[in-house]
Each structure stands twice: as structure tokens, then as C-alpha cells.
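Q: Quick one: the structure is below, questions incoming.
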Ligand code: PMV
């Protein structure tokens, strides 16, 4: 086999986190500027280190001695080889990722997407969309237990994805939308936040169900605004979603400070994104220059990193 390479990117949730756990729809956005590139090269059978090996910021060395954190990457390599019925090949895998871990940006799914596709490429093969998805999900089960599939879809998408009841639909865009993602620098606590919402639901099912319904309605409205090119309307749904998530107690002082900073920089809307209690915020800008101003304001307010992601028709 020859060398192989493939790339993927981060994702962020536009509307629907937490409510999606209770069956509400969610909209997922690709973060095209946060890239993961995987390159693989064959290891000769008589090499000094004959097995698979990895070079990444998380682990560099043989994959059979890898720490738990890279087990999903081991799965990405072995599951792809198994899929193509290949038993006698080994690869050196290099992963260059701009997607931070534990920030709700889908880093594990993005690495899985890039590594599986790069191994296929080295074998001279390609993965169709559903096979690729299943391989990413196999890695995600190693990483997270019971992944919804939302991350796996977002990290390979080039447009927003509507996610409902385990099914996806692409969303058509009526205009170009520019978003800024900002990292609080604090790891998100998705699992803890999901349990806290579950405890609240046990105590007050009607109250939480009402919030879930309202978030679901916002997701539907947000989809309409994407299709109609209504950035103002989209921003309003983002602001409303942040308020509803705050009533579920999944925000944090760091997230609220960044949301406030984005709004002070005239973002059309801003919200926490992902599991919350850390992780990232998402803000909507009017154009690229405005996105630069919002990103600067967010860094001034303490963001550890920012990304700009533009989706939809390019302006002429
Ligand atoms: O933090 P993330 O991006 O992995 O998103 C979590 C989304 C939740 O709705 C909070 C949980 C879930 O499993 O859908």
C-alpha cells in the first residue's frame, strides 16, 4: 500500500443540546476552520517497530502500548483494515488536530473520521458515507459509550445537519452565515451536566419537558431562518436557547462571560454550545469583519482560542 491522508473538522451544536437527549431535534454546524489531518504510511514487515504506531499530541509511540486516550484511534485503524479484509498491514499514523479535546467540538469523532479515511486511502479504497459513519461510530463507542451520532455527522459535514430521532437531513442555506466559536479554556462537563438535567427532570418532569419543547421549537425556527437567510432571526433563537439552557443550570460563569462579551460586540446572537459547564460558546456575526471583531472581544474576555466558520453561498 502507499501513503494515505484525509481530513475532517470540528463541529458545534447550533441549537438543541440537552433537549436532544429527550427526543427534541438538534442542528449541528461544521467548524471548517478547526481541522484534523491524518496521514498514514505503511510500516515494513521487517521494520524495527513492526506494529502500528502513532504520532500525535496525545501519544507518540507504538499503538499496542498506547494509553486509554488513544484507544479510539487504535479502533479507527483496526476497524478500517477489518472492513477491507486486510490482516497483514501496519501503519504509522500521524494526527495533526486543531480541535481541542473535551470542549464539545467533536475532537474524538473528527480524529476517527480522518484516520479511518486515511487508512482507506492508503489501501487505495474509499469509504461511502454510511460505512464511514459506522466506522466513526465504532470509534466513538470506545471513546464515549453511547454516542448519539451527532458528532460523527458534524465532523464530516460541509453544511448544517438537522438531527432528529437518530436520522439526519441536510439543511439548505438561504444565505451565507458566519459564526465564531470561542473556547472558555475550561473542559466541558457534558456527562455531569446531562446527569444534572436528568436529576432535575426526575424532580420536575413537567417543568423540564416544557423547556425541552421550547428548545425543540427554537431548533425548528432556527432551521427556517437558515433556509430563509434570516440572520437576525437566527441570532434571536440562539439568545433564547442560551436563556433556556441557563434555566437548566448547564451554563457557567465562564460561558456567561463570553456570551455577554459577544453580545457587547453586537453579535446577532450568542449561546453556550455542547454539554456546557465549560467548553465553548457560539456567536453569530454579520460578516467576516464583524466575526474578527467578535473574536477579538471574546479573546479579550478570556477565550483561550476562537475559530470562525462560514457556511453557505459565497458572496460574489
Ligand atoms: O458536549 P457535546 O458537544 O458532546 O454535546 C453534548 C450534547 C448533549 O445534548 C448535552 C448530550 C448528548 O448526548 O446529546
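Q: So between residue 232 and residue 88, what do we pick up on full extension, going 0.36 nm a residue minus the alpha carbon distance? Could the numbers behind the result be given before it?
A: Details: separation 144, 0.36 × 144 = 51.84 nm, distance 5.57 nm.
Gain on extension, residue 232 to residue 88, equals 46.3 nm.
Q: May I pose another question? Can you tell me the relative contact order of the chain? Whole percent, Cα pairs under 8 Å, sequence separation 6 or more. Don't jump to the answer; show the numbers that get you there.
A: On the way: 725 pairs, mean separation 72.8, N = 316.
About 23 percent, as a whole number.
Q: When the Cα centres of the stretch 92-134 and the stretch 234-287 are compared, how far apart do they sit, in Å?
A: Result: 29 Å between the Cα centres.
Q: Which Rg and Dmax, in Å, describe the Cα atoms of the stretch 74-193?
A: Calculated on Cα positions, Rg and Dmax stand at 15.6, 49 Å.
Q: Which percent, to the nearest 5, of DSSP beta bridges fully inside the chain are antiparallel?
A: Working: 47 of 50 bridges.
In the chain, DSSP labels about 95 percent of beta bridges as antiparallel.
Q: Run the helix sum for the chain: -39,500 (n - 2.57) per DSSP H stretch of 4+ residues, divided by residue count, reported at 222 nm to the nearest 500 deg cm²/dmol. Mind dumping the intermediate values first?
A: On the way: 9 runs with 130 residues, N = 316.
Calculated from helices alone, the mean residue ellipticity at 222 nm is -13500 deg cm²/dmol.
Q: If you line up the long axis of helix 71-83 against the longest principal axis of the chain, both from Cα atoms, how many degrees apart are they, to the nearest 10?
A: For helix 71-83, the angle is close to 60 degrees.
Q: Ok, one more. Over the stretch 1-48, calculate the relative contact order: mean separation of alpha carbon pairs under 8 Å at least 6 apart, over the residue count, as a percent. Write down the numbers at each step before the final one.
A: Numbers: 66 pairs, mean separation 23.0, N = 48.
Here the relative contact order equals 48 percent.
Q: Right, here's the next one. Give the distance, in whole Å, between the Cα centre of the stretch 162-212 and the Cα centre of the stretch 38-66.
A: 37 Å
Q: Taking the Cα atoms of the chain, what is the range of coordinates along each of the three principal axes, in descending order and whole Å?
A: Here the spans come out as 61, 51, 35 Å, largest first.
Q: How are the C-alpha pair distances of the stretch 154-293 spread across 10 Å bins, as whole percents from the shortest bin up?
A: Pair shares across the bins are 12, 38, 39, 11, 1.
Q: In addition: Compute the helix-to-body angle for 107-122: its Cα long axis versus the longest principal axis of the chain, expressed 0 to 90° and rounded to tens.
A: 40 degrees
Q: Hey, rough spin-label estimate for residue 129 and residue 288, points 7 angstrom out along Cα→Cβ, what's it come to in nanometres?
A: 2.8 nm
Coordinate-derived values only; no laboratory data. None of these values were measured; they are calculated from a predicted model. Every residue, glycine as well, gets a Cβ built from its backbone with ideal geometry; the counts of neighbours run over all protein chains shown.
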